[in-house]
Amino acid sequence: MEFRTDYPDDYRAGFACFVGRPNTGKSTLTNALVGEKVAITSAKPQTTRHTIRGIVHKDDHQLILIDTPGLHKPRTLLGSRLNDLVASTLGEVDVIGFCLPADEPIGPGDRYIASQLALLDGRTPIVALVTKVDRVPKDKIAEALLAVGELADFADVVPVSAVEGFQVDTVDSVIAAHLPKSPPLYPDGDLTDEPEEKMIAELVREAALEGVRDELPHSLAVQVEEMYPREGRSEDNPLWNVHVNLYVERPSQKAIIIGKGGSRLKTIGSESRQGIERLLGTKVYLDLHVKVAKDWQRDPKQLGRLGFDFNN
């Protein structure tokens, strides 16, 4: 793909970061803005573990979205590293979107994040995004907007429903107004700069998170072991072999993932394969294996091996 050359003189391009408590709609909003799934979503909190860059292309701007893990009080080494990842990201973006759900009252977690953002001392504009407004009646939306406005001195406050598409374009235009004037930073048509292996692993993990116990999302890691085109296939009918390992911390969790007679693992494979085939644009043979890596969230060596060594 090639960089756009016919952009106007007042074209803007830059980076925005969404922050908020876990499960406040950051990934869903990222996907809605980009128009494609580049970040996994789940009803379980703390499902995002890597910064996901989604790229929004418009006639007058290019917005690069960095989706971070939810800021939270860490209970493990992994939790501490995720918080460090968010903190380092905040210092590198042009504008910050603070996601606060309309269907929940402002709580200690929101105030903690607001206090961390206040440390930026106005250097980076902060836009409050009141998410999930589809879940509450109109009078409650007004109450949520007033409460959010009292939390901090935000550059803008925007109500939005990523699920219904309500004001998604407004979020885009409001955030874009805070970007610096710049030529495009990514080629026209690029939606993300994430490696295919990482996106495949996230698709598998999203499928594995559906319908499992509350503690499992924190204990599940997924890695693509290898992927390669199968030999002997014609160019008109290619097939890729994709081998993926799912890591849990205890044998009992392994049993949950596999399911009775392997039924759950089969469902995970069929659901994630559809997304992987769309991503790669070809048929896929998906080979899943579930392994136990005891207490990996608390083990620095295992964290590094599973891709959570954020210092490197």
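The values are calculated or read from the model by the stated rules, or taken from the named source; none is laboratory data. Small disclaimer: the values here were computed from a predicted structure and weren't measured. For neighbour counting, all protein chains shown are included, and Cβ atoms are generated from backbone atoms with ideal geometry for every residue, glycine included. Each accessible area value is taken on the protein alone, full model and side chains, heavy atoms only, with ligands, DNA and RNA left out. Shrake-Rupley method; radii C 1.70, N 1.55, O 1.52, S 1.80 Å.
Place +1 on the Cβ of every Lys and Arg and -1 on the Cβ of every Asp and Glu in segment 196-306, take the dipole about the Cα centre, and give the residue among Val244, Leu265, Leu279 whose Cα lies farthest towards its positive end.
Leu265
Expected output is a single nm value to one decimal: the length gained when fully extending between Glu271 and Lys58, i.e. 0.36 nm times separation in residues minus the C-alpha distance. What is it? Mind showing how you got there, number by number?
On the way: separation 213, 0.36 × 213 = 76.68 nm, distance 3.17 nm.
Fully extending the segment from Glu271 to Lys58 adds 73.5 nm.
With a 10 Å radius around each residue's Cβ, average the other Cβ atoms per peptide and rank 160-167, 252-259, 135-142, highest first. Walk me through the numbers before you get to the answer.
Working: 160-167: 18.4, 252-259: 15.9, 135-142: 12.6.
So the peptides 160-167, 252-259, 135-142, ranked by packing, come out 160-167, 252-259, 135-142.
Would you please put 95-102, 122-129 in order of how densely packed they are, using the mean number of other Cβ atoms within 10 angstrom per residue and starting with the highest? Please list the in-between numbers first.
Numbers: 95-102: 24.5, 122-129: 18.8.
Most protected by this proxy first, the peptides run 95-102, 122-129.
Place a point 7 Å from Cα of Arg233 in the direction of its Cβ. Which residues in segment 250-270 have their backbone N less than 17 Å from it?
270
Could you check the spin-label model distance between Arg135 and Ala147? Points 7 Å from the Cα along Cα→Cβ, value in nm.
With each label point 7 Å from Cα toward Cβ, the separation is 1.2 nm.
Round to the nearest 0.05 the FRET efficiency obtained for Ala255 and Arg305 when R0 = 25 Å and r is the Cβ-Cβ distance.
Result of the calculation: an efficiency of 0.60.
Quick one: with all protein chains in place, what share of the accessible area of segment 196-306 is carbon or sulfur, to the nearest percent (1.4 Å probe)?
Exposed carbon and sulfur together represent 46 percent of the surface.
What do you reckon, how do Arg305, Arg230 stack up by accessible area (1.4 Å probe), largest on top?
Largest to smallest exposure gives the sequence Arg305, Arg230.
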